[in-house]
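The values are calculated or read from the model by the stated rules, or taken from the named source; none is laboratory data. The structure displayed is predicted, hence computed values, not measured ones. Using ideal geometry, Cβ is built from the backbone for each residue, glycine included, and neighbour counts are taken over all protein chains shown. Quick note on the areas: whole protein, heavy atoms, side chains included, nothing else; ligands and nucleic acids left out. Shrake-Rupley method; radii C 1.70, N 1.55, O 1.52, S 1.80 Å.
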Amino acid sequence: MSLAPAADSAETAMAKLSLCSMPLVLAIILLSATHSEQHQSSQAQTLLRIVRFLNFPTVLNSRNIYKDLCNFEANSSLAVICYEGNITQLHIIGEKDAPLLPRNFSIDSFITTLVKLPSLKVLTLVSLGLWGPLPGKIIRLSSLEILNLTSNFLYGAIPLELSSLTTLQTLILDDNMFSGPLPDWLSSLPVLAVLSLKKNLFNSSLPNSLSDLENLRVLGLSHNHFYGEVPDFSRLTNLQVLELENNAFGPQFPKLGKKLVTLVLSKNKFRSAIPAEISSYYQLERLDVSSNMFVGPFPPSLLSLPSMTYLNFSGNKFTGMLFENISCNAELKAVDLSSNLLTGSLPKCLLSDYKDRVVLYARNCLDSRNQNQHPFTFCRNEALAVGIIPERSKRKQASKAALALGLIGGICGGVVLVGLIYFIHRRMNTNKTMKKSPPRSITENASSGYTSKLLSDARYVSQTMKMGALGLPGYRTFSFEELEEATQNFDTCTFMGEGSHGQMYRGQLKDGSFVAIRCLKIKGSHSTQNFMHHIELIMKLRHRHLVSALGHCFECYLDDASVSRIFLVFEYVPNGTLRSWISEGHPRRSLTWTQRIAAAIGIGKGIQFLHTGIIPGIYSNNLKITDILLDQNLVAKISSYNLPILEESMEQGGQGVSSGGSLTSSGGSRMKHDDRTDVHNFGVILLEMIKGRPVKSETQVEVLEDQLQVALTADEAARRSMVDPLVRQTCLDQSLKTLMEICVRCLCKDPADRPSIEDVLWNLQYAEQVQDAWQGGESQSSEGSPVSPSIPSRLTY
């Protein structure tokens, strides 16, 4: 009997079922597309209204922008950037010296239209002729992180409503007509990192609350009418740029932190001496104190600061004798010492034939026939006129004081001498006793003088907060007793391993949280103070994609309080290495393609933080896939990074210490292309994530790189043949090709040809977006999706 009729009947039924379900599928697709198109259309209409308010500036003449907002090709004047179909960044930059907008322009109506783009995080409206008081309703852009309204005609006070924008990190209002006092509420912006109000009409002293902006990196207040003493900024431990030019600040030199890179105090009313501690501002590159009335000796050590490139001391009353043998930093590009009261000889290092170096020293009393020098008597008389005591007079006064002190000292000397002899005798006996028994440990409590400074420095940069370290407890000093209790007196069951630089233990704190504790033995006699600058760097290592530092503990000898061991405490990451989830683990727990991209982005963000999120940046981190750990949420964390060498340990053959047990032989100072070394190592990690099998030799890297190159020029099937079989069928070709291309670029032999970590991140995020869109049904299937011809270029603003 034939079965053909039954088969035909089954096929007919299936065909009818398919035909019945097709309208439903099409309806869903059309509905989704319609919603997306309506949303795009709404945003386009809003942008069109904004353009009309701005009187159709030439930068917005292109009609293409309204057809496909999120894929509009950006330029230096206009950029629209979207995320998940929403405009998150809007940059409009008009022509220089743009005139006021017409009389019928309404800043209130303009902002009312602008807030219809509620997803905006970055808003740049520069040189567009905007005028009027800034409306408080701008706070309806509640996600705003960067606001730049430079070179307009906005006036009045900064609206109080801005104080509620708790996500605001950058506020730039340069070159407007804002006036009145600087608002006290600025300190309520918790993550504010950049505050620039240059070229306005502010007229007040500075509120002391500015010193509470602990994440502030840049403060620009030049060309206003500010006056009075500058608040104590020594607590602003992240401040790198301070520009106060052309105000009426003074008379005392401000108290500042030591991480400044640029300090501009010119054209104010300062008339104190330069404090001695400025000679320890080792990161200072630009110092301008010109056109004030500073007095006292010129500090020649500033010429040799390792980062100094520009130094302007002109137009003051600095005194002192210069000598030919004073040293200078070779990178010094410009020095202006003119119009002071300096004597002696110009340092030879300033006269050396360095290309492009500018040296000005006119109107002093130097032993030089160049640049119009005054006679020596002029500087001497001027120094007396401003109350500066000549060196000879100082010596006379000093000798009188010494005589008076000598008389007093003679009376007390005998008593003190007897007491001193007794003390030395007791000390020698104590030392002998101590040598007979092993030293016991004390904690850092004996050095409590450092604690407040460390806790202050631990409140680190806004970028740390921005990038996700908020889930961690604050950095702190641990007591030795705490660590003993956490590790059950360092029991062997808590021992995790030992390398050439100490032992690693797992501990559990009283609150139940687990930590990793690295013990570093110190040879020689060194106080806790010797290690403070290393601790200051370690406490900055707090980021979502780093195994973050939680604290430290010093163990000291009782006899002389020198350090015997340093314990570094880090977060404990229990979920294994990235390799164990990629190429050495069980297939059931292998990461999906989407999870691999997310892990790669996490590693990239960690590298970016090490390079740019702290000062000095940490480069050449010798990254390996086994140094990448995954937490319980599969968040990737870098566990090994290149900290500067502990000098005291190095003298005994020791080396630097890192969080994950990987120890390094070089510090964090950046050499040419050091950042691209980490990019190359990242490329090797990407290679293993794509292939799904261990990559353990440079030869293997070269072979696999060549295979990727070939696959990139071939078809989709060839590319898929290169991928880990466990994810081969779930990766979109466009996403895969983007990862392959960025991997190949990272592995370029010439470091100059490798992309920056910012470029790498941009492309990884692009790969993630197209993959997510495809998996969410917002694009075609991988078989029908277009192949990206090249990596999309990254936009930089």
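When the surface is traced with a 1.4 Å probe over the full set of protein chains, I757 keeps roughly 10 Å² accessible. Once both labels are positioned 7 Å from their Cα atoms along Cα-to-Cβ, the gap between H225 and M177 label points is 1.4 nm.
In whole percent, how big is the carbon plus sulfur part of the accessible area of the stretch 473-571, probe 1.4 Å, protein atoms only?
On the way: 1870 of 4040 Å².
That fraction is 46 percent.
Taking every DSSP bridge with both residues inside the stretch 536-647, close to 90 percent are antiparallel. When only alpha carbons are used to place a centre, the stretch 258-304 and the stretch 173-234 end up 21 Å from one another.
Subtract the Cα-Cα distance of S41 and V358 from 0.36 nm times their separation in residues, and report this length gain in nm to one decimal. Walk me through the numbers before you get to the answer.
Numbers: separation 317, 0.36 × 317 = 114.12 nm, distance 5.66 nm.
Full-extension gain reported as 108.5 nm.
Averaging the Cα positions of each part gives two centres, and for the stretch 692-722 and the stretch 527-598 these lie 33 Å apart.
Amide H to amide H distances under 5 Å link R565 with I522, E555, where only residues 5 or more positions off or on other chains count and H is placed in the peptide plane.
Stretched out straight at 0.36 nm per residue, the stretch from S307 to R565 would grow longer than its current Cα-Cα span by 89.6 nm. For the stretch 118-175, the per residue solvent-accessible surface stands at 33 Å², with DNA, RNA and ligands left out and a 1.4 Å probe. Taking all protein chains together, E741, E688 sort by accessible area into E741, E688, largest first [probe 1.4 Å].
With a Förster radius of 51 Å, plug the Cβ-Cβ distance of D108 and E277 into 1/(1 + (r/R0)^6) and report the FRET value to the nearest 0.05. E between D108 and E277, to the nearest 0.05, is 0.55. For V230, the residues 5 or more places off, or on other chains, whose built amide H falls under 5 Å of its own are G250.
Note that the stretch 202-323 presents 36 Å² accessible area per residue, ligands and nucleic acids not counted, probe 1.4 Å. Label sites at F376 and A717, each approximated as a point 7 angstrom past Cα along Cα to Cβ, lie 9.3 nm apart. The residues packed around K96, meaning those with a beta-carbon under 15 Å from its beta-carbon, carry a net charge of -3 if Lys and Arg are +1 and Asp and Glu are -1. Taking all protein chains as they are arranged and a probe of 1.4 Å, the heavy atoms of M532 leave approximately 10 Å² accessible to solvent.
Against the criterion of solvent-accessible heavy-atom surface with a 1.4 angstrom probe, S280, S721 sort, most first, into S721, S280.
Hey, how many Å between the Cα centroid of the stretch 93-112 and the Cα centroid of the stretch 325-382? Cα centroid of the stretch 93-112 versus Cα centroid of the stretch 325-382: 49 Å apart. In the full protein assembly as shown, how much of E95 is accessible to a 1.4 Å probe, in Å² to the nearest 10? Counting only protein heavy atoms, E95 exposes about 120 Å² to solvent.
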